[in-house]
Each structure stands twice: as structure tokens, then as C-alpha cells.
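Okay, structure first, notes after.
The values are calculated or read from the model by the stated rules, or taken from the named source; none is laboratory data. Only a predicted model underlies this, so the values are computations on that prediction, with no experimental measurement involved. Positions of Cβ are backbone-derived with ideal geometry, glycine not excepted, and every protein chain shown enters the neighbour counts. Quick note on the areas: whole protein, heavy atoms, side chains included, nothing else; ligands and nucleic acids left out. Shrake-Rupley method; radii C 1.70, N 1.55, O 1.52, S 1.80 Å.
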Amino acid sequence: MSPVVERALPDEKDRAGTDARMRELLSRPAPGPVADRIALLHFLGRRTGRPYIVPAGVHALGNRLVVATGSAWRHNFAGGADGELTWRGERRKAGFTLLSDTMLTARGYLELYERYGDQAERRLGIVVRGATPPGLDDFREAVEHRGLSLVEVRQSGDPNMPPHTLVANERTPR
């Protein structure tokens, strides 16, 4: 059986409680080491104008900072949207864009999956079913049919500043 990549979400009640704890923790001036991997996205709903504050895992892909998600809120970023990002205890203006290129997104997920090793499923919010590790085609299938998406994050600030600052060693030991 070839691998199948699917979204893995806790039930609604558990997710709401965890999200509330993460919003409280990450809003502090010194949120601790979890703030290297998780950020708060502040944005307005595209149709409703309702304010959202969403905790999300952030990942470096080349010179891009991305959020890997399959959650419905990602659609607010189709075509790009402005908002703010609270990351590593600092809140600043940011731009968010839902990446529309299927293969770019699939390659991004594959790179992150391989980078994170045993922690990949938890860090990416996915589950892999099957006896062998997933490849590019398996992630392409998940992007096309299971809603896996990447949202690019562009931080505002000094125009000479790189798009993000990597953690000292992003690679996780396997």
C-alpha cells in the first residue's frame, strides 16, 4: 500500500482549549522556547471583517517563512492579506499569502517532513498511513485532495532585514 498523507486534528474542544492556552502564552513578552516554532497570526476575516488570532506553527523553507495548515482560515490569505505576526515575543506588521502552486507546496511539505523526522507528523498536523515514507507524489495528492496548504509570511520592518531570522539550528535530530 502506498502512503497516504492526511490532516490530523484534535477534536474541536481540545483544539479550542489548546489554542486559548497558546494565545495566552505567546502574547507574553517572554513566551519561552515554544515561540521559536509557534506564532500568532492576527488578521481580519476576508468576508466578515471579524478579527482572528490564530496560533500556528512557523517553518523556514529556504528564505521563506511559512505556516503549514489545512484549516479553513487559510482562505483569508488567497491573493494576499495584511495583518500582524506575534513571534518570539514581538508583534509586528506582516503580510500573508496562500501559496497557490501545488508542486511548490508539495515540495515544501516533503522538505519539512524529511527535516523533522519523528516529530514531522505532530509539527505539520498530519498523519501518514502506509508502510513506506511518503514521497513528492503523496504530498501532491494531499495538497490537491486533502487541503494541505502553505501560507507565506512576510514580516514588515527594516527593508534590509531578511524575510525572517532562522532559529540557530532548525533541523531536528532524528
Which one is surrounded by the most Cβ atoms within 10 Å (Cβ to Cβ) among residues in the stretch 1-30 that are of a type in the set (D, E, K, R) and closer than 13 Å to R91 by Cα? R23
Does P33 meet the test of being more than 12 Å from the chain's Cα centre (by Cα), within 18 Å of R122 (Cβ to Cβ) and open to solvent by 90 Å² or more (accessible area, probe 1.4 Å)? yes
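Checking the condition closer than 27 Å to A30 by Cα, out of contact with any Pro (no Cβ under 8 Å at 6 or more places or on another chain) and either open to solvent by less than 60 Å² (accessible area, probe 1.4 Å) or of a type outside the set (A, V, I, L, M) (or both), which residue from L85, L136 passes?
On inspection, the qualifying residue turns out to be L85.
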Of everything in the stretch 50-72, what is open to solvent by 30 Å² or more (accessible area, probe 1.4 Å) and modelled with pLDDT of 95 or more? Give them in sequence order. R50, P51, Y52, I53
Return the residues of the stretch 98-110 that are hydroxyl-bearing (S, T, Y) and either under 25 Å from E24 (Cα atoms) or open to solvent by 40 Å² or more (accessible area, probe 1.4 Å) (or both); say none if nothing qualifies. S100, T102
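Yes/no matrix, rows are residues, columns are (1) touching a residue at least 12 places away in the same chain (Cβ under 8 Å); (2) touching a Phe, Trp or Tyr at 6+ places or on another chain (Cβ under 9 Å):
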residue	(1), (2)
A30	yes, no
A39	yes, yes
G62	no, no
A68	yes, yes
Restrict the check to the stretch 115-136 and report whether at least one residue is assigned to a loop (DSSP other than H, G, I, E, B), under 23 Å from G32 (Cα atoms) and touching a residue at least 12 places away in the same chain (Cβ under 8 Å). yes
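Quick grid of which residues meet (1) out of contact with any strand residue (DSSP E or B) (no Cβ under 9 Å at 6 or more places or on another chain); (2) over 26 Å from V128 (Cα atoms); (3) without any contact (Cβ under 8 Å) to a residue 40 or more places away in the chain:
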residue	(1), (2), (3)
P3	no, no, no
K13	yes, no, yes
M22	no, no, yes
V34	yes, no, yes
R46	no, yes, yes
H59	no, no, no
I'd like to check something: does the stretch 15-28 contain any residue that is among the polar types (S, T, N, Q) and under 15 Å from L150 (Cβ atoms)? no
Could you grab me the full set of residues in the stretch 111-133 that are under 14 Å from the mean Cα position of the chain (by Cα), buried (at least 17 other Cβ atoms within 10 Å of the Cβ) and under 19 Å from S2 (Cα atoms)? Y113, A120, I126
